[in-house]
Each structure stands twice: as C-alpha cells, then as structure tokens.
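Here the structure comes first, spelled out in structure tokens, and everything after it is commentary.
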Amino acid sequence: MAITVRGKNIEITPALKDYVSKRVGKVTKYFDSATMGEITAILTVSKGRHIVEVTVPINGILLRGEEATTDMYASIDLVIEKLEKQIEKYKTKLSRKLKSGAFKTELVPAAMLASEATDEEEFSIVKTKRFAVKPMAVDEAVMQMNLINHDFYVFTNAETEEVNVVYRRKDGQYGLIEPEY
C-alpha cells in the first residue's frame, strides 16, 4: 500500500507521517491491496485550521474525505471516521461494483451498519481538472459523488451514452442534468 503524505504550510514530521499511515490502515483493511492505487493525504494549516484531505483510489472508484479542526491529529482521526462511514453506507454497492475479492465485506462490523458572472472579465479559471469519464448508471454516479464528497459529479450515462451531471440540492435531494444538443 503506497501512501503519499504532503503538507501545505506544515512540515511533515516522521511521527505525523507514521500516524497518517497507521490511521489510513483502518480504511485499507476493507479492500484487497492489489486493487488499490496510491493513497494521498494532504495536510494543510490555514488560519489556525488543520485540514486533512485523504483520497483512496480503488478499481476506478475514489473514496475521499476532508476534515478541519484546530488539531491536526484530531482532523486525521475525523477524516478516517468519515471514510469508514462512507464505506459502511455504500458497502453493498461497493461489493457489487468492485471486482470479486476487492471488497472484504467480512471486515465491516455488522453494528457499523459562486456568484454568477456577467462577462468574461469578472472571473478567471484557477484550476483545471482532467479525468476519464466512464459509462455508469445514475445511482452509481450519485454514489461516486458522495464517496468523493463533492456536490456534483460528471459522468457518461450508460443508458443514453451522453454526458450527464448529478448534483446535491440544498434540500439534500439529488438532481440530474441531461444536456440537449
């Protein structure tokens, strides 16, 4: 299991790196290590907040959690708890989606069960992301969106073979955007 620990505005000490590795091990025990990609933990200190973001790639699915507190170790603990809750919430769907043997279901305890701009000069693109868009069902896209803890997710709809977007509404429900060409 490869874990990359990076810091922004903080020096990553060996003790901090060991703690992150130990805690991330709680999440990795649910999966076959051969199916996992490189795990990334980004530790940031900003305005007195200690922010931890952990991304765990597993067979094309991303688990992502982010937490912020006034203590780095507490943030690490909270983000691992969040990832474990995501795994528990989606364990049935994950076990179906991942290739057989990738998700170790026996390890999951049963008890765990921008404002609008009017013209181009008013905004600038500060980050560009590129990613593979794979065909999937709408409910799988919602699951993936929740696993990476984002408010929207772009995917190719397996039924229509068109690019769609699922998003989380303010009322907690989900929406689907199907563009018309």
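What the Cβ-Cβ distance of Thr128 and Glu38 gives, at R0 = 25 Å and to the nearest 0.05, is a FRET efficiency of 0.70.
Using alpha carbon coordinates only, what is the Rg to Rh ratio of region 33-93, with Rh defined as the Kirkwood radius? Don't skip to the end; give the middle numbers.
Numbers: Rg = 12.6 Å, Rh = 12.2 Å.
Value, to two decimals: 1.03.
Once fully extended, how much extra length lies between Asp151 and Arg168, figured as 0.36 nm per residue of separation less the alpha-carbon to alpha-carbon distance?
Working: separation 17, 0.36 × 17 = 6.12 nm, distance 0.52 nm.
Stretched out fully, the Asp151 to Arg168 stretch lengthens by 5.6 nm.
By the rule of a C-alpha distance below 20 Å, with chain neighbours fewer than 8 residues away ignored, the aspartates and glutamates paired with Lys127 are Glu53, Glu66, Glu116, Asp119, Asp151. Sorted largest first, the spans of the alpha carbon positions of region 1-68 along the three principal axes are 37, 22, 15 Å. When you count the other C-beta atoms within 10 angstrom of each residue and take the mean per peptide, 55-63, 153-161 line up highest first as 55-63, 153-161. In sequence order, region 33-45 has phi-based couplings of 4, 5, 8, 9, x, 6, 7, 10, 10, 10, 9, 10, 10 Hz under the Karplus curve 6.51 cos²θ - 1.76 cosθ + 1.60, θ = phi - 60°, and Gly or Pro positions carry x. Of the beta bridges DSSP finds with both residues in region 1-65, what % are antiparallel, to the nearest 5? Taking every DSSP beta bridge within region 1-65, about 70 percent pair in antiparallel fashion. Near Asn59, the amide H atoms lying under 5 Å from its own belong to Gly37; only residues 5 or more places off or on other chains count, and H is placed 1.01 Å from N.
Any read-out appearing in this document is the output of simple, stated calculations on the displayed coordinates, not a laboratory observation. Here the structure is a predicted model, which means the values were calculated and not measured. Glycine gets a Cβ as well: all are built from the backbone with ideal geometry, and neighbour counts include every protein chain shown.
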